[in-house]
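Enquirer: The structure follows.
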Amino acid sequence: MKLTCLSKGDGFQYPPCHMLNLCGFRILIDCPLDLLAMSTFSPVPYDVGFEASECSSNVQLDAQDPFQKKQKLERQMTPADLVCAEPWYKTVKALHLWEVSLIDIVLISNPMGLLGLPFLAQDPGFCSKIYMTEATAKIGQLMMEDLISMHMEFRRFYGPEDSSFPWWMKNLDREEVPALLKTVVFGESGDDLGSWMRLYSLDDIKSCMKKVQDIKFAEEVCYNGTLVIRALSSGLDIGACNWLINGPNGSLSYVSDSIFVSHHAKSLDFHGLKGSDVMIYSDFSCLQSEELNEFGCSSPDTDNNHISTISDKNDENLAASLLDTEESLEELEKLAFVCSCAAESAEAGGSTLISITRIGIVLQLLELMSNSLESSSIKVPIFVISSVAEELLAYTNTIPEWLCEQRQEKLISGEPSFGHLKFIKDKKIHLFPAIHSPNLIASWQEPCIVFAPHSSLRLGPSVQLLQRWRGDPKSLLVLEDGISAGLGLLPFRPIAMKILQCSFLSGIRLQKLPTLLSVLQPKIVLVPDVVNQRINLTEMKTISILNYSENKTLRVPRIADNPNVEIMAELASKLSWKKLRQRENFGIARLKGELLMKDGKYRLVSGLEQEEISGKARPLRHWGSVAPETLVAALLKMGITGSVEHSTGENGSEVNSTIHVTNPSSGLIETSEMGTAIITDDENVATQIFQAIDGILDGI
């Protein structure tokens, strides 16, 4: 088995990507887009009829923000530094270097991991089998269609581009271009140029999705009779999953960004991952800073630099400790804080723009915000502006198997799983496909709360609304963690809006990893080196820990050299077992048959009956190798004399041995690990030598 980490990603919005070689099959796990790289482009300009007030920004950059670091070394970036052209999109760094036709399987863990797949699928050589959950397939397709709809604004503004190589890439290579822009476009090592591509079309999406085999909840699928693949809920979002792969050489589990207890999606199914031979841990969320800042609402990061392993609890207590509700309650507090901030802005006469892409977070915010406004004296409309909003919100109430237990119970009792359906019906939430929709213009009033999801702040209605409200200190902008406040908001400065940047839980807290490994008990765990540097796993004596790095291939030792073979009981009862003299409690039987592979297991189909009917005697087979000195002693008792000559290899190890037979006639006996050869012209001597070997080795 080999594992190559093509990209460690950048949080939920840009999940990691891996290439796995298992049982001779090449498997690509996730194919995302780096949508945050779009911040290098300038948004389409709009005349909103006013100029922003001359005021200083109240955004205080995080100490780790690369934009702030670069300011100390070079001139301050301005909106004029951004690329004014139709955007291209950045795919996984090294994926374009792989031969597409050699990829056998593609596994997609969540909708964000699907966004780059049409680029791969439009290659004429692409013939992979694509697996994902049905919820991921539907939500991911809607997200791609919405991306194309928003991108059309650029195409209408700039017109068609003739050149196959964009002019702006040449311009960004100039010395006066800020280093931060060069790093985003060309990468830290300067070799990301081939990762940029023109956006795919609706036809490309349809063609790609036709190749998808969606997997229902708890369904097993078999690839080529060899690999049995199963999707298990990860808890990250609706339809998001981890993977369990069973094959002839053992089992493998792939753990992506996961959440143990979720208030909207089905929680992490870690019980289904227990006892796998190899576990690939691919949750990089612990690398994202979660410190509370001036414009954030995230909880403090409790992950220390070096976290040790857990205490000695029994399995039941360990599993229960993973399911504590503290994390989920923290998430509810964050959502409630966002709602309270939006209510405060509305009460002061300001509007709120929420630019969050995570479907589960949006659904919960819609529900909580509507309930909050209904119980208060504040009466402001809630607008959801997206070309797929209506279809997406309706779909989330049709997939109860991917929802948490509380929302499943709501459906069983006859209620909608999410409260937004009621508020849409009561016209408290208004859905519109675009900001220029006639019905939206007729219904528009301020202050209001608008959901316009696109995290890059370069596409869709969020651009127009930011340009409209950026000079209003009473208005509020709600962002997801991950976008650089410096580069992302650059086109809208100076900005007077209040800014709330939220870090929602997007993976396993690092201090819970040792507990999870103790519960799952895999034989080998593959952990990213950047994660292993922050946690001490050396105390886990029963588990072998291997580190893997980005853009490097890790070879994993085989767990079982002798895989199990299934034999039918009827066939096993007909076998004639013989105990071996050389190995105690070890039996051997012989049959003629065919070894087949089915459902990831070796199965033995025998031709024993046909062989018995034929009545032909089978040639004798022996087990083991002959010790030359023992054979010489046995031959001497039979009146045959000879001497032993040993041959050695280049490193001094013994390769084979030769016995020179001198009496009663000449001959040679060559012995090695591969077998024994008898060479003589005297048939009687050859027979006696064979009888001597038969007396030493077990034969059947």
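Enquirer: Could you run through segment 623-646 and say how many residues are assigned to a helix (DSSP H, G or I) and of a type in the set (Ser, Thr, Tyr)?
Expert: First, pick out the residues of segment 623-646 that are assigned to a helix (DSSP H, G or I): 628-637.
Adding the requirement that they be of a type in the set (Ser, Thr, Tyr) leaves 630.
Residues meeting the conditions: 1.
Enquirer: Would you check if there is a residue in segment 528-538 being at pLDDT 90 or above and not in a helix (DSSP H, G or I)?
Expert: Taking segment 528-538 and keeping what is at pLDDT 90 or above, we get 528-529.
Those left that are additionally not in a helix (DSSP H, G or I): 528.
Scanning segment 528-538, I find at least one residue that is at pLDDT 90 or above and not in a helix (DSSP H, G or I), so the answer is yes.
Enquirer: Quick one: Gly695 ticks every box in (1) in contact with a strand residue (DSSP E or B) (Cβ under 7 Å, 6 or more places away or on another chain); (2) within 14 Å of Leu635 (Cα to Cα); (3) of a type outside the set (Lys, Arg); (4) modelled with pLDDT under 85 bar one, so which box is it?
Expert: Gly695 satisfies every listed condition except (1).
Enquirer: Only one residue in Leu392, Leu365, Leu411, Leu373 is under 19 Å from Ser328 (Cα atoms) and either surrounded by 14 or more Cβ atoms within 10 Å (Cβ to Cβ) or touching a residue at least 60 places away in the same chain (Cβ under 8 Å) (or both), so which one is that? Quick ask: steps written out before the conclusion?
Expert: Numbers: Leu392 fails: under 19 Å from Ser328 (Cα atoms); Leu411 fails: under 19 Å from Ser328 (Cα atoms); Leu373 fails: under 19 Å from Ser328 (Cα atoms).
Going through Leu392, Leu365, Leu411, Leu373 in turn, the sole match is Leu365.
Enquirer: Another question, then. Of everything in segment 222-258 that's open to solvent by less than 10 Å² (accessible area, probe 1.4 Å) and β-branched (Val, Ile, Thr), which residue is farthest from Val106 (Cα to Cα)?
Expert: That would be Ile238.
Enquirer: Suppose the filter is in contact (Cβ under 8 Å) with a residue 60 or more places away in the chain, under 33 Å from the mean Cα position of the chain (by Cα) and over 23 Å from Phe383 (Cα atoms); does Gly507 pass it? Don't jump to the end; show me each part of the working.
Expert: Details: in contact (Cβ under 8 Å) with a residue 60 or more places away in the chain: yes; under 33 Å from the mean Cα position of the chain (by Cα): yes; over 23 Å from Phe383 (Cα atoms): yes.
In short, yes.
Enquirer: Of all residues in segment 669-687, which are over 60 Å from the mean Cα position of the chain (by Cα) and within 21 Å of Trp623 (Cα to Cα)?
Expert: Going residue by residue through segment 669-687, those that are over 60 Å from the mean Cα position of the chain (by Cα) are 680-687.
Hits for segment 669-687 are Ala686, Thr687.
Enquirer: Also, I was wondering about something else. Taking into account only those residues within segment 395-406 that are open to solvent by 20 Å² or more (accessible area, probe 1.4 Å) and either closer than 21 Å to Glu219 by Cβ or modelled with pLDDT of 90 or more (or both), which is nearest to the chain's Cα centre (by Cα)? Please lay out each step first, then the result.
Expert: Within segment 395-406, the subset open to solvent by 20 Å² or more (accessible area, probe 1.4 Å) is 395, 397-398, 400-401, 405-406.
Within this subset, residues satisfying the condition of being either closer than 21 Å to Glu219 by Cβ or modelled with pLDDT of 90 or more (or both) are 395, 398, 400-401, 405-406.
Numbers: Tyr395: 24, Thr398: 25, Pro400: 23, Glu401: 21, Glu405: 25, Gln406: 27 Å.
Checked segment 395-406; the qualifying residue nearest to the chain's Cα centre (by Cα) is Glu401.
Enquirer: Applying the selection to segment 661-691, what residues are of a type outside the set (Ser, Thr, Tyr), surrounded by 14 or more Cβ atoms within 10 Å (Cβ to Cβ) and not in a loop (DSSP other than H, G, I, E, B)? Give the derivation first.
Expert: Step one: of segment 661-691, the residues of a type outside the set (Ser, Thr, Tyr) are 661, 663-664, 667-670, 673-675, 677-679, 681-686, 688-691.
Those left that are additionally surrounded by 14 or more Cβ atoms within 10 Å (Cβ to Cβ): 661, 667-670, 678, 682, 685-686, 688-690.
Matches in segment 661-691: Val661, Gly667, Leu668, Ile669, Glu670, Ile678, Val685, Ala686, Gln688, Ile689, Phe690.
Enquirer: Go through segment 245-263 and give me each residue that's more than 20 Å from Asp599 (Cβ to Cβ) and assigned to a loop (DSSP other than H, G, I, E, B).
Expert: Once the filter is applied, which keeps residues that are more than 20 Å from Asp599 (Cβ to Cβ) and assigned to a loop (DSSP other than H, G, I, E, B), segment 245-263 yields Ser256, Asp257, Ser258, Ile259, Phe260, Val261, Ser262, His263.
Enquirer: Anything in segment 539-550 that is over 19 Å from the mean Cα position of the chain (by Cα) and in a loop (DSSP other than H, G, I, E, B)? List them, or say none.
Expert: Result: Glu539, Met540, Lys541, Thr542, Ile543.
Enquirer: Within segment 248-270, identify whether any single residue is among the β-branched types (Val, Ile, Thr) and within 17 Å of the chain's Cα centre (by Cα), and answer yes or no. Please lay out each step first, then the result.
Expert: Pass one, segment 248-270, residues among the β-branched types (Val, Ile, Thr): 255, 259, 261.
Among the residues that remain, those that are also within 17 Å of the chain's Cα centre (by Cα) are: 255, 259.
Yes; the residues of segment 248-270 include at least one that is among the β-branched types (Val, Ile, Thr) and within 17 Å of the chain's Cα centre (by Cα).
Enquirer: Also: Tally time: how many residues in segment 222-244 are part of a strand (DSSP E or B) and touching a Lys or Arg at 6+ places or on another chain (Cβ under 8 Å)?
Expert: 4
Enquirer: Additional query: So which strands (runs of 3 or more DSSP E) are wholly in segment 408-498 and hold at least 2 residues that are of a type in the set (Val, Ile, Thr) and modelled with pLDDT of 90 or more?
Expert: Details: elements: 429-432, 449-451, 476-480.
Output list reads 449-451.
Enquirer: In addition: Count, please, the residues in segment 484-500 that happen to be open to solvent by 20 Å² or more (accessible area, probe 1.4 Å) and under 31 Å from the mean Cα position of the chain (by Cα).
Expert: The number of residues fulfilling the criteria is 1.
Enquirer: Something else about it: Considering only residues that are open to solvent by 80 Å² or more (accessible area, probe 1.4 Å) and not hydrophobic (A, V, I, L, M, F, W, C), look in segment 434-468 and name the one that is nearest to Ala342 (Cα to Cα). Write out each step before concluding.
Expert: Going through segment 434-468, the residues open to solvent by 80 Å² or more (accessible area, probe 1.4 Å) turn out to be 436, 438-439, 441-442, 445-446, 468.
Still in the running and not hydrophobic (A, V, I, L, M, F, W, C): 436, 438-439, 445-446, 468.
On the way: His436: 24, Pro438: 26, Asn439: 24, Gln445: 16, Glu446: 13, Arg468: 17 Å.
Among residues in segment 434-468 that are open to solvent by 80 Å² or more (accessible area, probe 1.4 Å) and not hydrophobic (A, V, I, L, M, F, W, C), the one nearest to Ala342 (Cα to Cα) is Glu446.
Enquirer: Right, here's the next one. Starting from segment 1-29, take each residue that is under 21 Å from Tyr89 (Cα atoms) and at pLDDT 90 or above and list its partners that are open to solvent by 20 Å² or more (accessible area, probe 1.4 Å) and part of a strand (DSSP E or B), counting only C-beta distances under 6 angstrom and pairs at least six apart or across chains.
Expert: Filtered contacts from segment 1-29: Cys5/Glu550.
Enquirer: Looking only at residues that are out of contact with any Gly (no Cβ under 9 Å at 6 or more places or on another chain) and among the charged types (D, E, K, R) in segment 481-523, which one is farthest from Leu273 (Cα to Cα)?
Expert: Looking at the filtered set, the residue picked out is Arg493.
The values are calculated or read from the model by the stated rules, or taken from the named source; none is laboratory data. This structure is a prediction, so every number in the text was calculated from the model and none was measured. With ideal geometry, Cβ positions are generated from the backbone for all residues, glycine too; neighbour counts draw on all protein chains shown. Heavy atoms of the whole protein, side chains included, go into the accessibility calculation; ligands, DNA and RNA do not. Shrake-Rupley method; radii C 1.70, N 1.55, O 1.52, S 1.80 Å.
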